[in-house]
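Here's a structure for you.
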Amino acid sequence: MVALESGSTLIEGKLEQRATIVALSFRGIDRRSIALFTSTHLTTVRRWVCRIEEGNPLRDVKRSGRPRRISEASRLMTIAVYCQHTPPLPGVHRWSLRDAQRFFKEHPELIGEPISRATIHRILLEHSLRPHRRKYYLQITDPDFFPKMEHIIGCYSNPPENLYCFDECTCIQALNRITPTLPAAAHQPALEDFDYCRNGTTDLLAFLNPATGRVYGQCTDNHDRHTLCRVFLSHVRMHPPDSVLHYIMDNLSAHYHDDFCRKVAKLSGVPYLPLKTGAQRRQWLQSPHKRIVVHFVPFHASWLNMVEIWFGILKKKCLNYDHFTSVETLRKTIMTFIDTWNDFYAHPFTWSYTGEGLHQKAVRRFCLLLSIETPQMDCKFLTRQLLLMSNIAKNYLGLIPVADWLRLIDLATEKRDYMNNIIQSDPRPKGQKKAREAYIRFVDAVINGSQLLARAA
């Protein structure tokens with residue numbers, strides 16, 4: 001159980017810390033330096049050094065006073081139930097201390113003794129557990145994520161001339177507070193009423209030049225392919241006819257629609273024959289033999305587009321602190337901010353993220369998903385993860401610690417039936433076929449790839 005492992009790990013960590021203190025003391029290092037190195041208090045260092053000198057063990061001595069009423073086994077069972085079990089009431093998806101107390105009262109066989117809400121809370125705090133907290137994360141779903149990421153980072157680190165980051169900021173709301181906002185006073189922030197009325201929405205199509213930080217944008221009623229072609233044309237015409245333009249975009253369907261490809265071909269002066277699939281059109285847009293070259297970020301990775309940073313600046317400096325009585329007022333404010341930005345705020349954008357550690361994180365997250373056997377993992381998602389792991393094994397195995405890779409092999413071997421059941425549950429025959437092909441590739445590259453692991457080691 002996870003709870004048992006966490007308890008033993010906590011004890012082992014304390015013993016390791018105390019052994020480190022004693023070992024450093026025997027080497028003649030002063031106690032203040034030991035405290036700084038081990039992140040402990042000077043009194044703690046002094047206590048354990050003296051105990052060893054007196055011949056006492058590193059483990060805690062038996063405490064005086066009233067013994068613990070709740071046994072260690074019951075404490076670990078409390079953690080396991082609270083952190084891993086589904087709440088007992090129908091439709092409830094989150095434990096509370098009151099729910100846990102009632103659950104243990106109804107199931108006395110679990111811990112064999114009554115337990116209060118305060119005790120449950122104290123047990124969780126002692127192990128730094130807060131299962132009620134949630135945090136968003138972004139799972140890698142593109143099997144070719146890392147080669148695409150390296151290409152985009154390469155564009156930022158060694159940018160070609162006339163590089164632009166393009167994206168749409170959609171559904172910007174013209175919000176107007178119903179009651180006036182009260183100004184800030186001493187020890188009192190500005191007070192803004194939570195109630196508002198919405199006076200419509202607008203879309204913003206923006207181009208960011210990372211080299212200068214300047215922005216070109218237009219507010220539109222929508223962001224379909226026709227609007228995209230119109231705004232894109234206006235931006236291209238701002239440059240000399242013989243200039244080569246590079247654009248970084250995400251994978252919105254309008255960005256590789258046949259109409260957009262025709263527009264790019266016309267502006268580049270090259271022929272274009274209709275292509276059936278989106279993958280073929282994206283490949284054609286990325287080809288460097290024409291005037292306009294499009295660089296697509298990986299799927300589900302719009303954070304690699306630098307214009308998203310500027311959208312955040314727009315919201316913080318402009319949209320979050322104003323009130324708009326109409327869409328026209330909202331659009332005028334946005335365009336005014338763009339002019340102000342270009343005149344006073346514009347600066348080169350520097351991309352410093354290299355993707356270090358992301359390969360290891362992808363492997364660990366897939367291991368976690370396999371270990372918990374989540375019902376949210378469908379066949380399509382599993383197929384992408386299997387292909388991603390296969391690509392990592394083929395191209396990036398040296399970046400993965402051996403321990404993480406061995407854990408992936410063990411889990412994949414143990415969860416064969418789980419993955420096969422997910423594949424068989426897919427009602428799409430083509431989906432099942434792709435999933436089985438991905439699984440066979442995964443087995444060859446990961447489970448049976450012991451020679452790759454030896455080479456990486």
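We did not get these values from a lab; they are worked out from the coordinates using the rules stated. The shown structure was predicted, so the numbers you read here are calculated from the model rather than taken from an experiment. Neighbour counts run over all protein chains shown; Cβ positions are idealised from the backbone, glycine included.
Among the chymotrypsin sites (Phe, Trp or Tyr not before Pro) within the stretch 152-240, which fall in a DSSP loop and have no more than 12 other Cβ atoms within 10 Å of their own Cβ? Mind dumping the intermediate values first?
Values: sites: Tyr156, Tyr164, Phe166, Phe194, Tyr196, Phe207, Tyr216, Phe232; in loops: Phe194.
Of the chymotrypsin sites (Phe, Trp or Tyr not before Pro), the ones in loops of the stretch 152-240 whose Cβ has at most 12 other Cβ atoms within 10 Å are Phe194.
Can you give the direction-averaged projected area of the convex hull of the alpha-carbon atoms in the stretch 232-291, in nm²?
Approximately 4.0 nm², given one-decimal rounding.
Could you give the spread of the C-alpha atoms of the stretch 311-388 along their three principal axes, from largest to smallest, in whole angstroms?
51, 32, 19
Here's another thing I want to ask about it. For the stretch 99-154, what percent of Cα pairs sit more than 16 Å apart?
Numbers: 1010 of 1540 pairs.
Taking all Cα-Cα pairs of the stretch 99-154, the fraction more than 16 Å apart is 66 percent.
Now for a different question. Hey, could you grab the Kirkwood Rh for the stretch 150-345? Inverse mean 1/r over distinct alpha carbon pairs, Å, one decimal.
On the way: mean 1/r = 0.0543 Å⁻¹.
With all distinct Cα pairs of the stretch 150-345 included, I get 18.4 Å.
Counting each DSSP H run of 4 or more residues in the chain as -39500 (n - 2.57), what helix-only mean residue ellipticity at 222 nm follows after dividing by all residues, to the nearest 500 deg cm²/dmol? List each step's numbers first, then the result.
Numbers: 18 runs with 223 residues, N = 457.
About -15500 deg cm²/dmol.
Let me ask something else about it. About the Cα centre, and with charges only on the beta carbon of Lys, Arg (+1) and Asp, Glu (-1), how big is the dipole of the stretch 150-345? Nearest 20 debye, please. Before the final figure, lay out each step's value.
On the way: 19 positive and 19 negative charges, 130 e Å.
In debye, rounded to 20, the stretch 150-345 gives about 620.
So how much slack lies between Thr20 and Glu54, counting 0.36 nm per residue of separation and subtracting their Cα-Cα distance, in nm?
Between Thr20 and Glu54, full extension yields an extra 10.5 nm.
Report the calculated FRET efficiency for Glu12 and Ile447 (r = Cβ-Cβ distance, R0 = 41 Å), to the nearest 0.05. The partial results should precede the final answer.
Details: r = 31 Å, r/R0 = 0.76.
Given R0 = 41 Å and the Cβ-Cβ separation, E is 0.85.
If one takes the longest principal axis of the Cα atoms in the chain, at what angle in degrees, from 0 to 90 and to the nearest 10, does the Cα axis of helix 117-126 lie?
80
Mind checking the log10 I(q)/I(0) for the stretch 117-249 at q = 0.11, 0.20 Å⁻¹? Debye, one equal scatterer per Cα, no solvent, two decimals.
Values returned for q = 0.11, 0.20 Å⁻¹ are -0.78, -1.16.
Let me ask something else about it. Need the C-alpha centroid separation for the stretch 328-381 versus the stretch 185-207, integer Å.
23
Taking the chain as the reference, fit the longest principal axis to its C-alpha atoms, fit the long axis of helix 72-84 to the helix C-alpha atoms, and give the angle between the two in degrees, 0 to 90, nearest 10.
Computed tilt is about 20 degrees.
Additional query: Excluding residues fewer than 8 places away in the same chain, name every one of the lysines whose C-alpha is closer than 30 Å to that of Lys14.
Partners within reach: Lys62, Lys135, Lys361.
Report the full-extension gain for the segment Leu97 to His187: residue separation times 0.36 nm, less the Cα-Cα distance, to one decimal in nm. Write out the running numbers ahead of the final one.
Values: separation 90, 0.36 × 90 = 32.40 nm, distance 3.55 nm.
Difference between extended and current length: 28.9 nm.
Arrange the following residues from fewest to most other Cβ atoms within 10 Å of their Cβ: Trp303, Trp284.
Working: Trp303 12, Trp284 19.
Lowest count first: Trp303, Trp284.
Now a separate question. Give me the number: length gained by fully extending Glu150 to Phe381, i.e. 0.36 nm times residue separation minus the C-alpha to C-alpha distance, one decimal in nm. List each step's numbers first, then the result.
Details: separation 231, 0.36 × 231 = 83.16 nm, distance 2.28 nm.
Result: 80.9 nm gained on full extension.
With viscosity set to 0.890 mPa s at 25 °C, what whole-number translational diffusion coefficient in µm²/s follows for the stretch 172-236 from Stokes-Einstein and a Kirkwood radius over Cα pairs? Numbers along the way, then the final one.
On the way: Rh = 15.1 Å.
Stokes-Einstein gives a translational diffusion coefficient of 163 µm²/s.
On to the next question. Using the alpha carbons of the stretch 340-457, what is the convex hull volume per residue in cubic angstrom, as a whole number? Let's see the in-between values first.
Working: hull volume 18.7 nm³, N = 118.
That works out to 158 Å³ per residue.
Also: Charges on Cβ only, +1 for Lys and Arg, -1 for Asp and Glu, centred on the Cα centroid of the chain; of Leu129, Leu42, Ser425, which one is farthest towards the dipole's positive end?
Leu42
Let me ask something additional. State whether the stretch 1-155 is rounded, prolate or oblate according to the following rule on the C-alpha gyration tensor (a ≥ b ≥ c being the square roots of its eigenvalues): a/c under 1.5 gives rounded; otherwise a/b larger than b/c gives prolate, and the remaining case gives oblate. Please list the in-between numbers first.
Working: a/c = 3.14, a/b = 1.12, b/c = 2.81.
Oblate is the answer for the stretch 1-155, as a/c is 1.5 or above yet b/c matches or exceeds a/b.
Give the relative contact order (percent, whole number) for the chain; include only Cα pairs under 8 Å separated by 6+ residues. Please report the intermediate quantities before stating the final value.
Working: 515 pairs, mean separation 59.2, N = 457.
This gives 13 percent for the chain.
Applying the Karplus parametrisation 6.51 cos²θ - 1.76 cosθ + 1.60 with θ = phi - 60° to the phi angles of the stretch 143-149, what ³J(HN,Hα) value in whole Hz is obtained for each residue in order, glycine and proline being reported as x?
x, 9, 4, 5, x, 5, 4
How large is ³J(HN,Hα), in whole Hz, for each residue of the stretch 130-139 in order, when computed from phi with the Karplus curve 6.51 cos²θ - 1.76 cosθ + 1.60 and θ = phi - 60°, using x for Gly and Pro?
Ordered by residue, 3J(HN,Hα) equals 9, x, 6, 7, 10, 9, 6, 9, 10, 7 Hz.
Moving on to the next point. Taking R0 as 45 Å, what's the FRET efficiency between Ser33 and Gln139 from their Cβ-Cβ distance, rounded to 0.05?
E between Ser33 and Gln139, to the nearest 0.05, is 0.55.
How large is the convex hull of the Cα atoms of the stretch 372-439 per residue, expressed in Å³ as a whole number?
Working: hull volume 5.8 nm³, N = 68.
Hull volume over Cα atoms, normalised by residue count, gives 85 Å³.
With each pseudo-label sitting 7 Å past Cα toward Cβ, what's the Asn222-Arg198 distance in nm, one decimal?
Going from the Asn222 label point to the Arg198 one covers 1.8 nm.
Going by how many other Cβ atoms sit within 10 Å of their own, how do Lys148, Lys263 line up, fewest first? Provide the component values of the computation, followed by the final result.
Numbers: Lys148 17, Lys263 20.
Final ranking by Cβ density, sparse to dense: Lys148, Lys263.
Explain nothing, just compute: Karplus ³J(HN,Hα) = 6.51 cos²θ - 1.76 cosθ + 1.60, θ = phi - 60°, for every residue of the stretch 52-57 in order, whole Hz, x for Gly and Pro.
In residue order, the calculated couplings are 5, 5, 7, x, 8, x Hz.
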